[in-house]
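Undergrad: Take a look at the following structure, please.
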Amino acid sequence: MARQTRTTGQALGHGLLWLWTVAALVFLVAPILVIVPLSFNAGAFLSFPMPGLSLRWYAELWQTDVWWRSLVNSLIVGTGATLIAVVLGTAAAVGLAMARFPGKDALMAVLISPLIVPLVIVAAGSYFFFIPLGLTGSLLGLALVHAALGAPFVLITVGATLVGFDRNLVRAGASLGAAPLEVFLRVTMPLIAPGMISGGLFAFITSFDELVVAMFLTGPGQRTLPRQMFDGIRENMSPTILAVATILIVISILLLTTVELLRRRSLRLRGIRE
Amino acid sequence: MSVNLFRLAALAGCVAMATAAQARDLTVVSWGGAYQDAQREIYFQPFTAATGIALTEDSWNGGIGALRAKAEGPASWDVIQVESDELVLGCEEGTIVPLDWEALGGEDQFLPAAVHECGVGAIVWATVLAYDGDKYPDNAPSSWADFFDTETYPGPRALRSGARQALEFALMGDGVPPDQIYDVLATDEGIERAFAKLDSIRDSLIFWEAGAQPPQLLASGEVVMTSAYNGRITAANQDEGRNFQIAWDAGFVYQIDSWVVLGNSDKPDEAMQLIAYMSDPENQKLLPPFIPYGPTHKDAAAKVDPAVLPNVPTAPENIDHGLFFDRDFWVDRVEDLNARFNAWAAQ
Amino acid sequence: MPLLAFLLAFMVLPIGGMLRLAISNGELGSAMPATTEALRAWDGQGVPPEAVVAGFAAELRAAREARALGPVAQRLNNAHPGDRSLVQGAARRLPDEPDGDWRATLAGIDEAWGEPRIWRSLQAASAPWTDLYLLQALDLERDADGDIASVRDDRAIYRSILGRTFLISLVVTLACLAIGYPLAYKLASLPPRIANPLTILVLLPFWTSLLVRSAAWIVVLQREGPINEALLALGIVDEPVQLVFNRIGVYIAMTHVLLPFMVLPLLSVMRSIPPSHMRAALSLGATPLEAFVRVYLPQTRAGIGAGCLLVFILAIGYYITPALVGGAADQMISYFVAFFTIQTVNWGMAAALGSILLAATLVLYLIYARLVGIDRLRLG
């Protein structure tokens, strides 16, 4: 009898747990599933049921100059920030992996801190700092701050690919007469390349999606995509915004897939099984 | 070694981006949404076509603080459309600079209220009570008392964020006749009374900042009624086939916005050229059919298409219900009362 | 270490500069150096001597002509609203020659110049540093005698904003834990074949633009949006419920944004717990609940700590999400830092609020680094 109740209770518990899990997953994904169909709405209203399907909002987007310009600005800043972040983050990760010294953890904590410090602090700080330098109202200033925000991602991902890195390979390269740069390019690079690329992707998407610093540092000539979207959401929540949103979702799915594939490849290269 | 190489590469990238970011066009700043769309059509694009001067646009939602922030940073805004209290405050403290009135054809060409050392009137506009006519087939709200009556008209409502116009509307809702509003507001009790009235519907209030928001809030059913810039309501009806209504009889606050040049502009001549272009009566008269705001040039008033008149604040049947924004009152009190309003709204 | 140098230049230095702004008091000193010197030496009684006032009048005119008066007027106005127009008005109406003496001339322009209050404000602005902004950020001020006192009730907002910031962060953290723990538990117990795709579902919103998600929640939660339509159709409510542009909207949207930061650390801890532990407890006669509470839960404590701290740290700095889906009474500290920087030029106040936010974040980060270890910090 007692056994019987326990099983019923257990079944009930399992059922509830499943229900909760599904509900939580729906909660995570639902808003995205709602806006993708609405972006193909033939009508101008943001509600269901939709009167019909159409690409008119994408067509409108295609023809609107401001969206294009902000996209170009975002791409410039994102690319610049990513390059700087990858170079600096990789150098730091390689340096940290090769060296052992006291205070390494503390140094790591400082290097990672841009991920944790509230964006508004970074934004206000760099705003006050850049005004006398004339770096406000320029894409350069924004790219520099975005690079600082993105570098920790590269540090982490490249650091992860260096776990289990055999330092004898470097010594072997050097003993065979290769210059340090050549060793780096021909031995170290291929092994950490997946980490560099996925770190770079993280850095890029961080910059591409960053709004707070952009609000402080850019002028009317440097509107980025998130700024344009922010104004759009506040002032005119049209299906055009949802069309932009849908395109961004597709981009992030592609990036996410790339990162996952790279991670698996890196593990395979280093002979680590999941 | 490798580090130096990286540095070089990074530096090259920086230089490339810096040069890409150097050029700055003449920048004109207005109030966004349907209004700025209309201005682009009749002022900005034709101006560029006629003069070859490229324009960059920005939009803002008012506030002398925002002007000061721009004036103290590096040059980024040149020509701005400001409200009248911002005009006076900015001119006094040098945030904005005196205009070349000769380039505009002289002061006597404009409405007297549109003339100031540092600014020339751009439009006559009003903040009105608006609602969606489709939601109220009968018993539509018709007074500011109705706005504050959440029993008869349940549901959220919206006001512009900030003390300007909100205090006037609160007193209208509390039964103060329009011609006594500023007398009452001149006293501390009057201020308390206005805030108490706002506080009575605090839980039903949403605040908007951009002029494009009120039609949006009405369209999405987010609010049942709202204060709004009159032109945006008509534009939403014209462009999107809405049936939004303006309760002109409820009373409204009308005022004059002005074009000004920011103190740190490094393109004052081009800025003046743009302002002169936008003040030309032949160009001013084109605006009302797009969005019904009144012109400020005396010659433009007569040329406006009569069909749009009922939607203009200064139309004979509307103007009797209007309260002219008391610039002097707000010049003295706007910062103080905005601070209090923000503290109240943030609680 | 080029990265360290770069971060120093574009992260640490600007933030340090901001902290300095919170106590910086240099406006008067750079626009009116002689007056600043004289006021520092003044005893603070009554109105300063004629020589000091005459020097002030001369520098006032010079500052106006050099267009350097703005920061001084702003500084005085920050401490005492209304002083901007007092100073600007005096500068505008200042005659070339005094009418009698300068003290009488200024008092003739505005009687406030004949009273000690404004001169004490000027004296306070002449000190090298000020505690004005940090006090104001805690709803405190110095009264006429220089003692610390609470500000007027209708101006006292910052304590409640600080409290609100922590409350919202706490509610969001708990909501993330309540939703995330069972989710992570289930995902950890499923075979990888099913769990991996589901984990991707957790990651997907994580890498979707913050703005996209905020826009989505506005659409979903608005009065005529799908949630309200469903509630109405099911007869649960007869009036649309206000779900967005208020606190509910902020809780929902922020929980959604931060949930992955809770699930991922929990998942990594739970995956390392061998299922045999639970089976052993059950075979020893424990009820499933007992086994869970006494065997499983304690082993996940590290994951709970890591997830909660991370979510809380990130939540207190939020700005964009509350700005889009919240109302005026739901804005957190970050909003006011931005407000004082962009909407008004009260940089001292922005910096003071920013310093408080930064201090809270760093303390929590240190706790995190201690308890969890920063090498566990993985945001993807």
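The values are calculated or read from the model by the stated rules, or taken from the named source; none is laboratory data. Since the structure is predicted, the reported quantities are computational estimates derived from the model, not experimental observations. Quick reminder, even Gly has a Cβ in these numbers, built from the backbone with ideal geometry, and neighbours come from all protein chains shown.
Undergrad: Restricting to region B:234-256, name every residue that is within 19 Å of B:Glu41 (Cα to Cα), in contact with a strand residue (DSSP E or B) (Cβ under 9 Å, 6 or more places away or on another chain) and buried (at least 23 other Cβ atoms within 10 Å of the Cβ). If you could, list the steps in order and put the result at the bottom.
TA: Initially, region B:234-256 is screened for residues within 19 Å of B:Glu41 (Cα to Cα), giving B:234-240.
From what's left, in contact with a strand residue (DSSP E or B) (Cβ under 9 Å, 6 or more places away or on another chain): B:234, B:236-237.
Result: B:Thr234, B:Ala236.
Undergrad: Output the qualifying pairs, or none if there are none: Cβ atoms under 8 angstrom, residues six or more apart or on different chains, first residue in region C:59-84 and assigned by TED's automatic domain parsing to the domain that holds C:Gln343 and farther than 13 Å from C:Leu122 by Cα, second residue basic (Lys, Arg) and buried (at least 22 other Cβ atoms within 10 Å of the Cβ).
TA: As it stands, the answer is none, since no pair meets every condition given.
Undergrad: Shifting gears a bit: Among the residues of region C:316-327, is any farther than 22 Å from A:Glu235 by Cα, touching a helix residue (DSSP H, G or I) at 6+ places or on another chain (Cβ under 8 Å), polar (S, T, N, Q) and assigned by TED's automatic domain parsing to the domain that holds C:Leu170? Talk me through it step by step, then tell me what you get.
TA: Residues of region C:316-327 that are farther than 22 Å from A:Glu235 by Cα, as a first pass: C:316-317.
The next check asks that each one be touching a helix residue (DSSP H, G or I) at 6+ places or on another chain (Cβ under 8 Å); those that pass are C:316-317.
If we keep only those that are polar (S, T, N, Q) too, we end up with none.
For region C:316-327, residues farther than 22 Å from A:Glu235 by Cα, touching a helix residue (DSSP H, G or I) at 6+ places or on another chain (Cβ under 8 Å), polar (S, T, N, Q) and assigned by TED's automatic domain parsing to the domain that holds C:Leu170: absent.
Undergrad: Do any helices (runs of 4 or more DSSP H) entirely within region A:177-232 hold 2 or more residues that are without any contact (Cβ under 8 Å) to a residue 40 or more places away in the chain, and if so, which?
TA: On the way: elements: A:180-183, A:189-209, A:212-217.
Counting at least 2 such residues, we get A:180-183, A:189-209.
Undergrad: While we're looking at this one, here's another question. Do the conditions hold for A:Ala193, that is, is it farther than 16 Å from A:Met98 by Cα, more than 8 Å from every other protein chain (Cβ to nearest Cβ) and surrounded by fewer than 20 Cβ atoms within 10 Å (Cβ to Cβ)?
TA: Criteria met by A:Ala193.
Undergrad: I'd like to know if region C:260-269 contains one or more residues that are in a loop (DSSP other than H, G, I, E, B) and either among the hydrophobic types (A, V, I, L, M, F, W, C) or in contact with a His (Cβ under 6 Å, 6 or more places away or on another chain) (or both). Give the derivation first.
TA: Filtering region C:260-269 for residues in a loop (DSSP other than H, G, I, E, B) gives none.
No, every residue in region C:260-269 fails to be in a loop (DSSP other than H, G, I, E, B) and either among the hydrophobic types (A, V, I, L, M, F, W, C) or in contact with a His (Cβ under 6 Å, 6 or more places away or on another chain) (or both).
Undergrad: Pull up region C:198-213, narrow it to residues that are farther than 10 Å from A:Ile32 by Cα and at the interface with chain A (Cβ under 7 Å from one of its Cβ atoms), then point me to the one that is farthest from the chain's Cα centre (by Cα). Steps first, please.
TA: Narrowing region C:198-213 to residues farther than 10 Å from A:Ile32 by Cα: C:198-203, C:206-207, C:209-211.
Restricting the remaining residues to those that are at the interface with chain A (Cβ under 7 Å from one of its Cβ atoms) gives C:198, C:201-203, C:207, C:209-211.
Numbers: C:Leu198: 35, C:Leu201: 31, C:Val202: 28, C:Leu203: 28, C:Trp207: 25, C:Ser209: 22, C:Leu210: 19, C:Leu211: 20 Å.
Ranking the qualifying residues of region C:198-213, first place goes to C:Leu198.
Undergrad: Follow-up. Please go through region B:206-237 and give me each residue that is without any contact (Cβ under 8 Å) to a residue 12 or more places away in the chain and over 21 Å from B:Ser142 (Cβ atoms), ordered by number. So that I can check it myself, show each step before the final result.
TA: Filtering region B:206-237 for residues without any contact (Cβ under 8 Å) to a residue 12 or more places away in the chain gives B:216, B:220, B:237.
Of everything in region B:206-237, those that are without any contact (Cβ under 8 Å) to a residue 12 or more places away in the chain and over 21 Å from B:Ser142 (Cβ atoms) turn out to be B:Gln216, B:Ser220.
Undergrad: I'd like the full set of residues that are outside any helix (DSSP H, G or I) and over 32 Å from the mean Cα position of the chain (by Cα), limited to region A:154-176. Walk me through how you get there before you give the answer.
TA: Step one: of region A:154-176, the residues outside any helix (DSSP H, G or I) are A:162-167, A:176.
A:Leu176 - this is the single residue of region A:154-176 that is outside any helix (DSSP H, G or I) and over 32 Å from the mean Cα position of the chain (by Cα).
Undergrad: Right, next: Please state which of the following conditions A:Pro220 fails to meet, knowing it meets all the rest: (1) under 21 Å from the mean Cα position of the chain (by Cα); (2) surrounded by 14 or more Cβ atoms within 10 Å (Cβ to Cβ).
TA: (1)
Rundown of residues vs (1) within 14 Å of chain A (Cβ to nearest Cβ); (2) touching a helix residue (DSSP H, G or I) at 6+ places or on another chain (Cβ under 7 Å); (3) more than 19 Å from B:Leu129 (Cβ to Cβ), yes/no style:
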residue	(1), (2), (3)
B:Phe169	no, yes, no
B:Gly173	no, yes, no
B:Thr187	no, no, yes
B:Gly221	yes, no, no
B:Gln245	no, no, no
B:Tyr254	no, no, no
B:Ser258	no, yes, yes
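Undergrad: So which residues in region B:43-64 are touching a residue at least 40 places away in the same chain (Cβ under 8 Å) and either closer than 16 Å to B:Val28 by Cα or facing another protein chain (nearest Cβ under 7 Å) (or both), if there are any at all?
TA: Answer for region B:43-64, where residues must be touching a residue at least 40 places away in the same chain (Cβ under 8 Å) and either closer than 16 Å to B:Val28 by Cα or facing another protein chain (nearest Cβ under 7 Å) (or both): B:Tyr43, B:Pro46, B:Phe47, B:Thr51, B:Ile53, B:Leu55, B:Ser59, B:Asn61, B:Gly62, B:Gly63.
Undergrad: Only residues that are surrounded by 22 or more Cβ atoms within 10 Å (Cβ to Cβ) and free of Cβ contacts under 8 Å to residues at least 40 places away in the same chain: list them for region B:146-175, please.
TA: Once the filter is applied, which keeps residues that are surrounded by 22 or more Cβ atoms within 10 Å (Cβ to Cβ) and free of Cβ contacts under 8 Å to residues at least 40 places away in the same chain, region B:146-175 yields B:Ala170, B:Leu171, B:Gly173.
Undergrad: On the basis of being closer than 23 Å to C:Asn228 by Cβ, touching a Pro at 6+ places or on another chain (Cβ under 7 Å) and charged (D, E, K, R), does B:Glu222 make the cut? Before you say what the answer is, go through the steps one by one.
TA: Numbers: closer than 23 Å to C:Asn228 by Cβ: yes; touching a Pro at 6+ places or on another chain (Cβ under 7 Å): yes; charged (D, E, K, R): yes.
In short, yes.
Undergrad: So which of C:Arg64, C:Arg40, C:Arg84 is modelled with pLDDT of 90 or more and part of a helix (DSSP H, G or I)?
TA: Values: C:Arg64 fails: modelled with pLDDT of 90 or more; C:Arg84 fails: modelled with pLDDT of 90 or more.
The match here is C:Arg40.
Undergrad: Follow-up question, since we're still on this one. Which is in a helix (DSSP H, G or I), surrounded by fewer than 22 Cβ atoms within 10 Å (Cβ to Cβ) and more than 10 Å from every other protein chain (Cβ to nearest Cβ), of A:Leu96, A:Leu33, A:Leu17, A:Leu75?
TA: Working: A:Leu96 fails: more than 10 Å from every other protein chain (Cβ to nearest Cβ); A:Leu33 fails: more than 10 Å from every other protein chain (Cβ to nearest Cβ); A:Leu17 fails: more than 10 Å from every other protein chain (Cβ to nearest Cβ).
A:Leu75 is the lone residue from the list that is in a helix (DSSP H, G or I), surrounded by fewer than 22 Cβ atoms within 10 Å (Cβ to Cβ) and more than 10 Å from every other protein chain (Cβ to nearest Cβ).
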